[in-house]
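The values are calculated or read from the model by the stated rules, or taken from the named source; none is laboratory data. From a predicted model like this one, the values you see are computed outputs, not experimental measurements. FYI the Cβ positions are ideal-geometry reconstructions off the backbone, even for glycines, and counts take in every protein chain you see. Surface accessibility is based on the protein's heavy atoms, side chains included, excluding ligands, DNA and RNA. Shrake-Rupley method; radii C 1.70, N 1.55, O 1.52, S 1.80 Å.
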Amino acid sequence: MSTEFSTDKSSLRVDLHSHTKCSDGSLTPEELIERAVGYQIDMLAITDHDTTEAFNIASSYIKDKNYPIKLVSGVEISTGWHGFEIHVVGLNIDINNPQLCELIAAQQQVRERRARMMAEKLAKCGFDNMYDKAKKLAGSAALTRTHFAKVLLNEGSVNTMQAAFDKYIGKGKRAYIKPMWTDIENACAVIEQAGGHSVLAHPIRYDLSAKWRRRLIVEFKLWGGDALEVALPQMNQQQRQQMVSYCQEYDLLASAGSDFHAPSRWSDLGRNLNLPDNCKPVWQQWR
Ligand code: AMP
Ligand code: MN
Ligand code: MN
Ligand code: MN
């Protein structure tokens with residue numbers, strides 16, 4: 001992107017949460033950029049699960065095509081917190097930072113180990129060779145539960161991806177493996193060391209009571225968290241305002257992202273992501 005790029009443009013189209021084939025998205029980094037440019041998105045972050053592989057691919061592609069889009073480096077780190085899987089997005093990070101690379105390598109090892117354990121449990125449910133099948137589907141991508149769900153769907157063992165989670169691999173189900181991830185504090189610390197901002201991803205999506213959600217936000221802030229995802233396509237104005245209230249109360253910045261994985265009828269890249277006026281966008285810190 002050219003140096004005259006300004007983060008002040010009031011009508012900036014921003015999407016700071018998206019996935020590619022490097023984790024559990026359905027598009028290649030190049031296809032994702034094509035889609036973003038087609039939608040006239042000004043600023044995009046690819047935030048694959050525990051990997052930054054897509055960044056250089058997408059970045060070179062943008063340069064080759066001379067596309068007018070600002071690509072922000074990103075990652076979505078899985079963490080464990082009181083038995084919940086809490087996702088922390090790192091934005092505007094140095095993807096070559098040694099501590100970040102070390103954390104990513106450790107998280108990938110956890111993904112491998114968990115996949116093998118999940119496959120053992122799935123074998124007891126009557127599904128054989130699930131590790132090999134999921135690995136084959138994932139190729140060199142970060143191995144996720146989405147890949148296992150896809151194998152079950154492709155084999156006709158479930159009727160929808162959601163059913164795979166509801167019946168087998170979702171929290172507390174027969175083939176679920178409890179989180180073995182890093183913790184929120186470490187994720188925030190590493191993101192800071194890599195010069196980035198840490199964002200609590202989709203705060204409304206965790207199955208938490210209002211009391212526990214507040215506790216999560218308080219501890220996130222305490223551990224160095226910088227921002228909350230205030231706008232997701234599925235959030236109504238009231239939910240966005242609730243997040244803005246938390247931002248004001250705990251001095252947190254605001255982010256916006258679609259969590260795009262694949263083209264679908266219900267959500268798309270860069271849609272319905274406007275932040276309310278009374279919050280501070282995380283990207284205004286990047287100059
Ligand atoms: P993982 O990071 O390997 O645990 O995979 C989690 C991913 O599975 C999420 O990022 C979603 O993309 C996808 N997913 C789809 N449905 C569900 C669900 N009901 N529960 C958890 N994850 C889901
Ligand atoms: Mn995902
Ligand atoms: Mn997530
Ligand atoms: Mn995500």
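For the reader, a short list of remarks on this structure follows.
- Leading residue by the ranking (nearest to ligand 2 (Cβ to nearest atom)) among those in the range 232-259 that are over 16 Å from LEU273 (Cβ atoms) and not in a helix (DSSP H, G or I): LEU252
- The range 106-144, residues that are in contact with a helix residue (DSSP H, G or I) (Cβ under 9 Å, 6 or more places away or on another chain), of a type in the set (A, V, I, L, M, F, W, C) and under 20 Å from GLY25 (Cα atoms): ALA115, MET130, ALA134, LEU137, ALA138, ALA141, ALA142, LEU143
- The listed residue being open to solvent by less than 60 Å² (accessible area, probe 1.4 Å) and within 24 Å of ILE169 (Cβ to Cβ), out of ARG111, ARG116: ARG111
- Filtering the range 258-287 to residues that are within 16 Å of ligand 3 (Cβ to nearest atom), surrounded by 22 or more Cβ atoms within 10 Å (Cβ to Cβ) and either among the polar types (S, T, N, Q) or under 13 Å from HIS197 (Cβ atoms) (or both) leaves only SER258.
- Every pair of residues 6+ apart whose Cβ atoms lie under 9 Å, when the first sits in the range 205-220 and is among the aromatic types (Phe, Trp, Tyr) while the second is in a helix (DSSP H, G or I) and open to solvent by less than 20 Å² (accessible area, probe 1.4 Å): TYR206/LEU216; PHE220/ILE184; PHE220/CYS188
- Any hit, the range 150-164, residues being surrounded by fewer than 22 Cβ atoms within 10 Å (Cβ to Cβ) and among the acidic types (Asp, Glu): yes
- Single residue of the range 190-204 satisfying the filter (touching a residue at least 60 places away in the same chain (Cβ under 8 Å) and in contact with a Phe, Trp or Tyr (Cβ under 9 Å, 6 or more places away or on another chain)) that is surrounded by the most Cβ atoms within 10 Å (Cβ to Cβ): SER198
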